[in-house]
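Trainee: Before we start, here is the structure in question, set down as structure tokens.
The values are calculated or read from the model by the stated rules, or taken from the named source; none is laboratory data. Just so we're clear, the structure is a prediction, and the values are computed from it rather than from any experiment. All Cβ positions, even for glycine, are placed from backbone atoms using ideal geometry, and neighbour counts span all protein chains on display. What goes into the accessible areas is simple: the full protein's heavy atoms, side chains included, and nothing from ligands, DNA or RNA. Shrake-Rupley method; radii C 1.70, N 1.55, O 1.52, S 1.80 Å.
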Amino acid sequence: MYVITCYVRKDDMKMYEFDSKEEALSQLKKLKGCTILSEVVYFNDSSVIPIAI
């Protein structure tokens with residue numbers, strides 16, 4: 001999951017959530033203000049963390 005945090009003004013913050021990096025990057029280009037793109041990784045996601053057998 002990817003999250004964009006957008007600060008338009010000092011007291012105005014919005015957060016947007018995306019499933020893919022490509023989708024987040026395309027929206028990031030359209031947003032105005034100070035933007036931060038973050039990738040959220042869950043520790044229990046087996047596709048990210050290899051399981052030792």
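Trainee: Please name all residue pairs, on different chains or six or more residues apart, with Cβ atoms under 6 Å, provided the first residue is in the range 24-53 and is farther than 19 Å from Asp12 by Cα and part of a loop (DSSP other than H, G, I, E, B) and the second residue is open to solvent by less than 100 Å² (accessible area, probe 1.4 Å) and at pLDDT below 65.
Mentor: Here the result reads Val41/Val48, each pair linking the range 24-53 to a residue that is open to solvent by less than 100 Å² (accessible area, probe 1.4 Å) and at pLDDT below 65.
Trainee: Can you pull out the residues in the range 19-38 that are closer than 9 Å to Tyr2 by Cβ and basic (Lys, Arg)?
Mentor: Within the range 19-38, Lys21 is the sole residue that qualifies.
Trainee: Here is a further query. Among the residues of the range 4-23, write down those that are open to solvent by less than 70 Å² (accessible area, probe 1.4 Å) and either out of contact with any helix residue (DSSP H, G or I) (no Cβ under 8 Å at 6 or more places or on another chain) or part of a loop (DSSP other than H, G, I, E, B) (or both).
Mentor: Thr5, Cys6, Asp12, Ser20 - these are the residues of the range 4-23 that are open to solvent by less than 70 Å² (accessible area, probe 1.4 Å) and either out of contact with any helix residue (DSSP H, G or I) (no Cβ under 8 Å at 6 or more places or on another chain) or part of a loop (DSSP other than H, G, I, E, B) (or both).
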